[in-house]
Structure formats: structure tokens, C-alpha cells
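J.: Let me begin by handing over the structure; questions about it come next.
Please treat every number below as a calculation from the coordinates, not as lab data. These numbers come from a predicted model, not from an experiment. Using ideal geometry, Cβ is built from the backbone for each residue, glycine included, and neighbour counts are taken over all protein chains shown.
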Amino acid sequence: MIIGLTGCGSTNNGNGKSAEPGKQEAKQAAVVGGDLTYALATSPDSLDPHRSGLAVAVRVLRTIYDSLVVQLPDGSIKPWLATEWTTAPDGLSYTFKLRKDVKFHDGTPFTAEAVKFSYDRILDPATKAANSVALIKPYKSSEIIDDYTIKINLETPSRAFLGNLSQALLGIVSPTSAKKFGDQFGKNPVGSGPFTFVKWEENATIQVKRNPDYAWAPELVENKGKSYLDQITFSIVPEEATRIGSVQSKQVLAGETVPPQNIVSLKSDTSVQVHQVNTTGLPYTLFINQRKTPWNDVKARQALQAAIDVDAIVKTLYLGTYPRSWSPLTPGVIGYDASLENGIKPDVAKANKLLDELGWVKGTDGVRVKDGKKLTLHYVDGSPNREKRNDIAVIIQQQLKQIGVVVEVEITKDTANVVYTKGDYDIYGNSQVNTDPNALYAFYHTGDPKARPTLPGLADPQVDKWLEQGAIEPDDKKRVDLYKQVQKAIIDQAVIIPIYVFPYTVAASKTVKGLKFDPLGYPLFNDTFIQK
Amino acid sequence: MARIITERLIVSLLVILGSLVLVFCILYLLPGDPVLSMIDPSSMTPEAIANLRNQLGLNEPFYVQFGHYVFSMLHGDFGKSLLNSEPVLPKILKHLPATLALTLASTLISTVLGVGLGVLSAIHRNRLIDVVARIVGLFGISMPTFWSGILLILIFSVSLGWFPAMGSKGLITLVLPSLALGFVGAGFIVRMVRNSMLEVINEHFIVTLRAKGVSEKIVMYRHALRNALIPAITIIGIHIGDLLAGTVVIETVFSRQGIGRILADAIMSKDLPVVQGVVFFSAIIYVLVNLLVDISYVFIDPRVRRTQ
């Protein structure tokens, strides 16, 4: 059966730039039917959106669960399970009108009760919720006004809240099934999404099949009705050579996370297309720990900023397939300051001069010494070598040798202890997927002494003020200005060294059409079909 | 003979118990907090984290934890995964067949290839077949399995399209991974069989047999090979133990299900009950294989029976 399709997903065949969501190919007729096999790089931990702590789970979660609202690539928030909403003048509550035609895969009708249940469930310690807890802040409570109207109360006003509601980790679960399966809900997931869960064979495959009743897709996709695909089989293939080999040998139709060298070589393979979508949020960033000397002095940090040649690192390791980052935010996040691009040039002479000024003098072995102490930098990285992050550490070790800094690299999986509990690092790298600039708050706002300390340990009252205002500022234009000031201050004070923006990459057979990606870079399968 | 087997059984049980104690101690003393690896600490209150720790019994003293552990193990209760509350024993039993199939197939490949080439190369010493066998042996030993595995995928899946690159459904998915693993074992066995065959060939009884006019085939395959097999069986036994470790790598490369994958995942996420369960099972298998090897000596070599 062939039906007309109004448009087809964005594809961008490997020119190294991100696909423009919304850019369309020539219109094609969608083919109904078929099983899309999709190789994942790691295994999801749980298919319970509220309990999952892994990004890879979201690829599957997005097929099973819907959210209250959707965020478009331009940052605007549009209806999904909610048809409209109003914000209280004080910003402390939202009232949502809900769709009346939605039901969960287990037959439970979708009502305000389900929304209240889902959000309250995240806060309930018995759920042992993972990343969703941080995402739902500052949620306080829900009041059911009637079956299809719900009022959500917040602890404090938040401009990021609506955007966060669009994320899969805050997806709405079926209350009936969540109660029935309890802590095994993650193995028996039930939502209202375009696909229903079939089975999960551990370390092998996860299968979902078309939800025939689906008719409430958000504006982000073209196909508002049921999916074209009969089913999707996610295979878990951790070894990258095997994953790409499976796509090339046609054992699977698509595989995620293509290593840079393969992105380059797959471009010449006529049967394969490569999609590349730059993820948004905080890029991979090296945080300089200001609680440690000499990094509490801006000159020392600027010396690192000038001595580390980020361009060389990114070009060497990712062969031009990952964009270099310039700001604490990635392009694509509201308020991203493009004027920071190309602002910092590597300058070893300047770096040497700065350290000289601080009284660190080069000894006979080329290492700087002050008061009998050698200038060492403890560089911590969480193993394994995800996205070649360990290699970044090694290159920086070589680059900083030129300015007389000894870099001691520690690769450890136990970052919870080394970094967060003991704070035993001078540099630690991290990244975060997000669509709202409020993500900066957790990293750069002077921490509550009782809370987990921030990575750079920045304590700047001015930056704090901007971040506080940015979290609640209702005027979009003013908000953008606030975040631009924050970004500029962070780079000027050399709080961090931003390294790269991570592109989510998918290698797919040419017959796979209409693969789309949401603003965070997660794949959407509503418009996907397999050309015969 | 019955006495030998009983003795061996008792020793085996002791080994299993010992491994139980050892695994528990290692994991108990390991740095890092399993609770913190289960959850994002910033998203939970300290009270909730303390509750969770209590629930898991992590606040009990060492001997209480160990007592609980041994008691429930003996009752077939291996606990629940810290990550998704899944019971450990069914999880292991579900994945064990895939690993056993892989182990069996690769042992078969390495035995046939190893013994065959070993014998041929000893008989035809310094001829072409000997050179080939020695090269195969050297390659088998020196190639890391993740590399040979990927090589096999590139040749036989991507280029030729003969075998699937991944999965654990059906016999066809077993071919490449068991070849990759079997090759390693073959490498060791070839060298062992060749050397012991060469030794045996020069022994007096072989010279005597030849002098009596017994045909060369009977001398080689009935008398020499039988004597050369004892060290080969030892190597095969040790290799089966190695295979359990080798499957961790190969199951990951070929995306197979199996207890190797489970173990690797569990170690990465500090899922202690799962690690303990898998290691316990591996110890049982290792001990069983060694038991079989020991018993097989008795059948192959009458001298073993007499010396006991």
C-alpha cells in the first residue's frame, strides 16, 4: 500500500554540517510496512523514562512515550498532549488543557490524572527516579481541575520548565501499567506514543510495533497519524566496527554513532547515507577547578586557554567531522553567542608570559617552579575513551609541556568519588544535552554550600545575578542578552576550555527515508519509511 | 578409580567454595559506592540515599553480609540486579546457553584444527605442512580476538556477505565468533601436540614398534598420538576456562547475548549481585571442566590409574 506523504525528513549526506531540521527533500510517496532495524551503540538501562539515566534509552523512549508539549528547533514550545496552556502572572503555575482523544497502549484513557500521576511519580523516592528528577525541577505539585485540565505548581518561576516538559524523560506513562508493574515497569513500558512495546531481549534487541490508534503527533513531524513502519527492531551493537559493518552488509538498515574515520569513508559508499545532527546543550567542556591554586588566578587560566590549541585537537581526532565549540553553550541553544567564535587564538608566547608574570619560572628541565613546587595539572577523565576523550587529555599533556606545565592524566570511572566528592582535579571534562540556556545554572552559579559543588567552582556575583534573572526573565529578548553576557564573562575569565560539539550520527541504507531528529539530536521515526 | 573421582569431587567443591569467598571479599573491599553508581546523587536527598543503602543491606557488618550471601546462594537465591531489580539466577540461566554454545563450537574448532595440524606437522616435520601449521599456531596465539573478530566481520560479512556480523540467533551466527575464538585455542594446541608428538616419536617403544614391522599409520595414530594427547587435553581444558574470559570480548564484538556480556556490563555499572552470580557460575564451569579433564586422563592413560 502506498499513500501520499506531504514531506520527507531532513537528510544531509555527510557534508559534515548539521542537518537542517525542516529542510526537505523532493517529495516522495511513503511506503507503508516494513521493519526498521536500528543498531544502538549501548544498551538502554531501563525503558521507564523516569528511571532511565542513559541517553541511549531516549532513542527508544521517544517511540513509546509522548510528552505534554514539544519544542521546535527554533526553541518555541508547541502543543502535543496538551492543546493549550496559560501561565500565571507570577510565573508560579501553568494550567494545561489536554487532548481528549488520546489513550495509552494498555487502553487506559489519557487524562489529567495520568499527568499528575507521572509527575508526582518522579518526585516519589520509591520510584528511584534518575535524571528525570533534575529535569522536572522546580515542579511542586499538580491540581486536577477537571478530567482534561491540570494546573501545575512550581516552587519558583522557571523559563526552562516548559522546554524540559518536552523531553522524553518527562514522558507521560500509563498510570494503570506503572502501578501494575511497579519496579519492573522499565521492562514493560506503556505510554501513548506512535509505537507500542513488544519485547526486550537483554543485550540483543528491543522491539516496538506500530500503534494503530496513533493520531496525535506533534508539530515536529509531518505524519500526524500512525507510523508507516510496521515495527522497529533496535539491536544493541557496542562494537563500532561491527555496527557499521552491519549497516554495510545490510544486516541492519541503520546504525547510530558512526566513528569519524567511518563518516569520512562512508561518504564514498553509494548505498549508505550519513545523517549528522549536532546535539545541543553544553558542549564537551574542560572545567578548570578554581578552588585549586594557581588556577584561582585568572592569568593562570588564561595561560591554559592560550596554550591549548583546540583546533588542532578537534581536527586531529575527529578529522573535521565534529565542530569545534567556542562558548559554554552549543549553537542551537536559545541565546547562543556566535560572536565568541574565532575569538581565541592559540598563543604559546602569551601563555608563557602570563605564567612568568605569576612568578612560575621554568627550571632546567623545562618545568615551571614556584616556591620549590612544580607546576602540575591533575587532569581527570571518566573512562572509557568515549568520543576519544582520553586522547584529548594526551594531546593537551603534550601541548602544555611547551609552557612548562606537567599534566598528570587520571582516567577513572569513579568520577562520582574523585571529582564530586573529593574535588581532586584541576581539569575535568563534561558535557550535557539540553535545549535551554538555564542548563548553565547548575555549572556556573555559586553553589549552595550544602549542594554538590559546581565543576569550575566559579563564584561570581555578577554571573549569579544574570543566571538568576535568566531563569525567570519573561522577555525573550532580554533573556537572550542575559545569557550572552554570561557566556562572554565565562570565556573572558577563562573559566573553561570548550572543546567540541558532539554530532549524533546515523549511517543508514539509502532505502531508509524520512528519518528525523528532535532539537536535542534524538531520532524520530514518525515519518520514517523504507523504500522498496 | 571411584576413589580418584571422589577425591577430585571434594577438591572441586572446596575450590567452588573458595571462589565464593574470594569474589565476595574482592567486591566488598572494592572502592566506590554501588548506591552512588545506581543513581545520580545530585537528584536524591541524602536521606533517600541512606534508605536505599539500608534496603540493600549495605550497612550491615561484613560477616552478616557474607552470611546472608552464602545462605541465599546455597538456596539458589542469587539476589536481584541493583540496576533493574531483575533476579540474577534466571538472568544468568537465560544467557548461559549462548555462551555454552559458543564455547562448545570454538573448542570443537580449536581441537580439530589444533590436533589435526599438530599431528600432521610432527609427522611431516620441516615440510610445507609443518611450516603452515607453525604459522597458524603463531597467528592463533598472537592475534587478539577483538582484532581477528573484526577482520572476520570485514571479510565475511561486509565484503562477501556470507555470514551475519552480529546476533546470537541460529547456528549461522555462531560461525564467525567461534572461528575467532577457536583460532586462539588452535594456536596453543598445534604447538603442544606437535612438540609432544615429536618427543614421543623418538621414544624407544616407538622404535621398537617400528622394528617389529608395525605399519607406520598404526604406530603414529594408535601409539604415538595416544601418548601425545595427554598434554593436549590439559591445554584444551585450560583453554575452555580461558574461553569464558574470551567470550567477554567476542560477545561484545559480535553483539551476542551471553554471560560474558552480562559480566562486562555488570562490572562497568558495579552491579555486584550480578558480578557475583556470573563469577560463581564461571567457577563452577571451570571446576567441572577440570574434573572432566582429570577423569579423562584415567581413561586415556593406564599409567595414571596405576600410580594412583
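J.: In which sequence would B:K94, A:K199, A:K137, A:K450 go, from the one with the fewest C-beta neighbours within 10 Å to the one with the most?
T.: The order, fewest Cβ neighbours first, is A:K450, A:K199, B:K94, A:K137.
J.: How charged is the neighbourhood of A:W295? Take every other residue with its Cβ under 9 Å from the Cβ of A:W295, and add Lys/Arg as +1 and Asp/Glu as -1.
T.: Overall, the nearby charge balance is +1.
J.: When the helices in chain A are scored as -39500 (n - 2.57) per DSSP H run of 4 or longer and the sum is shared across all residues, what 222 nm value do you end up with, to the nearest 500 deg cm²/dmol?
T.: -7000 deg cm²/dmol
J.: Where does the charge balance sit around A:S43 when Lys and Arg score +1, Asp and Glu -1, over other residues with C-beta under 14 Å from its C-beta?
T.: Residues near A:S43 contribute -3 overall.
J.: Separate question: What translational diffusion coefficient, in µm²/s and rounded to a whole number, does the Stokes-Einstein relation yield for chain A at 10 °C and a viscosity of 1.306 mPa s, taking the hydrodynamic radius as the Kirkwood radius over Cα pairs?
T.: 65 µm²/s
J.: On to the next question. Could you pull out every whole DSSP H run in chain B that spans at least 27 Å of Cα extent along its own axis and averages -0.5 or higher on the Kyte-Doolittle scale?
T.: Those that clear 27 Å and a mean of -0.5 are B:2-29, B:88-123, B:175-201, B:225-253, B:272-300.
J.: A follow-up question, please. Using alpha carbon coordinates only, what is the Rg to Rh ratio of region A:90-131, with Rh defined as the Kirkwood radius?
T.: That ratio equals 1.05.
J.: Give the Cα extents of region A:167-308 along the principal axes, in whole Å, largest first.
T.: Result, largest extent first: 62, 46, 33 Å.
J.: Go through A:K137/A:K292; A:K292/B:K270; A:K100/A:K209 and tell me which ones have a Cα-Cα distance over 28 Å in this structure.
T.: Correct reply: A:K137/A:K292; A:K292/B:K270.
J.: Go from 0 up to the bin containing the longest alpha carbon distance in region B:191-257, width 5 Å each, and give me the % of pairs per bin.
T.: 4, 16, 19, 14, 11, 9, 8, 7, 6, 4, 2, 0
J.: Provide the convex hull volume over Cα atoms per residue for chain B, in Å³.
T.: Hull volume normalised by residue count: 169 Å³.
J.: A follow-up question, please. Restricting things to Cα coordinates, could you compute the convex hull volume per residue of region B:143-295 in Å³?
T.: With only Cα atoms used, region B:143-295 gives 143 Å³ per residue.
J.: Which semi-axis lengths, in whole Å and largest first, follow from the square roots of five times the eigenvalues of the Cα gyration tensor of region A:447-532?
T.: 39, 17, 13
J.: For chain A, find the longest principal axis of its Cα atoms and tell me its angle to the long axis of helix A:112-123, 0 to 90°, nearest 10.
T.: That works out to roughly 30 degrees.
J.: Of all the C-alpha pairs in region A:320-383, what % are more than 15 Å from each other?
T.: Of all Cα-Cα distances in region A:320-383, 70 percent exceed 15 Å.
J.: Go through A:K374/A:K450; A:K267/A:K532; A:K374/A:K413; A:K350/A:K374 and tell me which ones have a Cα-Cα distance over 24 Å in this structure.
T.: A:K374/A:K450; A:K374/A:K413, as the Cα separations exceed 24 Å there.
J.: Checking the table A:K103/A:K199; A:K484/A:K513; A:K97/A:K179; A:K78/A:K510; A:K370/A:K422 against a 29 Å threshold on Cα-Cα, which pairs fail?
T.: Over 29 Å apart, Cα to Cα: A:K484/A:K513; A:K78/A:K510.
J.: Let me ask something else. Given the rule -39500 (n - 2.57) for each run of at least 4 DSSP H residues, summed and divided by the residues of chain B, what is its mean residue ellipticity at 222 nm, to the nearest 500 deg cm²/dmol?
T.: -24500 deg cm²/dmol
J.: Could you give the longest part of chain A that holds none of the GluC sites (Glu not before Pro) found in DSSP loops with at most 13 neighbouring Cβ atoms within 10 Å?
T.: Result for the longest clean stretch: A:342-532.
J.: Now, a different point. Using the count of nearby Cβ atoms within 10 Å as a rough guide to exposure, how do B:T107, A:T242, A:T270 rank from fewest to most?
T.: So the residues, fewest neighbours to most, are A:T270, B:T107, A:T242.
J.: Taking Rh as the Kirkwood radius computed over C-alpha pairs, what is the Stokes-Einstein D of region A:55-139 at 37 °C in a medium of viscosity 0.692 mPa s, expressed in µm² per second?
T.: 224 µm²/s
J.: So for chain B, taking the charge dipole from beta-carbon charges (+1 Lys/Arg, -1 Asp/Glu), which of B:L89, B:V293, B:G67 sits furthest toward the positive end?
T.: Checking the options against the dipole of chain B, the answer is B:V293.
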